Amino acid sequence: MTILRIRTQGDPVLRTPALTVTDFDESLRTLISDMFETMYAVKGVGLAAPQVGVGLQIFTWDIGDDSGHVINPSIEVGDEPQEGGEGCLSVPGPGYDTPRRDYAIITGVDMNGDPVRREGTGLLARCFQHETDHLHGTLFVDRLEGEVRKEAMRAMR
Ligand code: ZN
């Protein structure tokens with residue numbers, strides 16, 4: 001297995017919508033196991049393929065006792081908001097309070113093409129929203145509001 005290089009803000013791959021996975025082959029399995037290896041090596045709780053320079057709709061997560069991967073996910077969220085801090089391996093620097101919804105459900109497939117359907121609240125729901133954003137070329141700093149946003153923009157300059 002290989003630890004992949006994490007791409008950081010400024011790399012165009014992070015701003016490009018990821019493509020649908022169509023080939024469920026050996027290279028896909030290798031990529032996903034490398035993504036897990038990389039996520040654990042950098043002590044992340046979630047990792048999206050564009051963060052390792054691969055523009056495909058895949059992410060992995062490991063939060064508490066829930067870990068997994070999903071390919072070509074779609075997400076639905078509840079109405080209830082949640083507050084909390086958030087950071088990103090691809091945005092070096094501090095985390096910031098980032099508004100999210102408290103409940104999320106993702107549906108997609110796994111590396112064998114079998115259905116994946118996972119729901120969560122709190123941190124798991126936050127992770128699903130954060131990683132799905134990566135697949136659309138969105139970073140968590142885009143979600144910041146008000147004074148927190150101003151502070152983050154200052155810090156990034
Ligand atoms: Zn991230």
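Throughout, read-outs are computed from the coordinates displayed, never taken from laboratory work. A quick note: this is a predicted structure, and the numbers were derived from the prediction, not measured. All Cβ positions, even for glycine, are placed from backbone atoms using ideal geometry, and neighbour counts span all protein chains on display.
The test for being within 15 Å of the ligand (Cβ to nearest atom), farther than 19 Å from Arg7 by Cα and in contact with a helix residue (DSSP H, G or I) (Cβ under 8 Å, 6 or more places away or on another chain) does not hold for Leu123. Within segment 7-20, being touching a residue at least 60 places away in the same chain (Cβ under 8 Å) and either loosely packed, with under 11 Cβ neighbours inside 10 Å or not charged (D, E, K, R) (or both) holds for Thr8, Gln9, Leu14, Thr16, Pro17, Ala18. A count restricted to segment 40-55 and to residues that are within 11 Å of the ligand (Cβ to nearest atom) and part of a helix (DSSP H, G or I) stands at 2.
Restricted to segment 77-97, and to residues there that are of a type in the set (Gly, Ala, Ser) and either near the ligand (Cβ under 10 Å from one of its atoms) or part of a strand (DSSP E or B) (or both), the residue that is surrounded by the most Cβ atoms within 10 Å (Cβ to Cβ) is Ser90.
Of the residues in segment 99-157, how many are assigned to a strand (DSSP E or B), of a type outside the set (Val, Ile, Thr) and surrounded by fewer than 16 Cβ atoms within 10 Å (Cβ to Cβ)? Working first, answer last.
In the first step, residues of segment 99-157 are kept if they are assigned to a strand (DSSP E or B); the result is 100-101, 103-109, 115-121.
With the extra rule that they be of a type outside the set (Val, Ile, Thr), the set shrinks to 100-101, 103-104, 108, 115, 117-120.
Now narrow it down to the ones that are surrounded by fewer than 16 Cβ atoms within 10 Å (Cβ to Cβ): 115, 117, 119.
Of the residues in that region, 3 qualify.
When Gly108, Gly78 are screened for being without any contact (Cβ under 8 Å) to a residue 60 or more places away in the chain and either under 30 Å from Arg29 (Cα atoms) or not small (Gly, Ala, Ser) (or both), only Gly108 passes. Cβ-Cβ distance below 8 Å, separation of 6 or more or different chains: which pairs start in segment 128-153 with a residue that is on the phi > 0 side of the Ramachandran plot and end on one that is away from the ligand (no atom under 12 Å from the Cβ) and charged (D, E, K, R)? Matching pairs, first to second residue: Gly137/Arg15.
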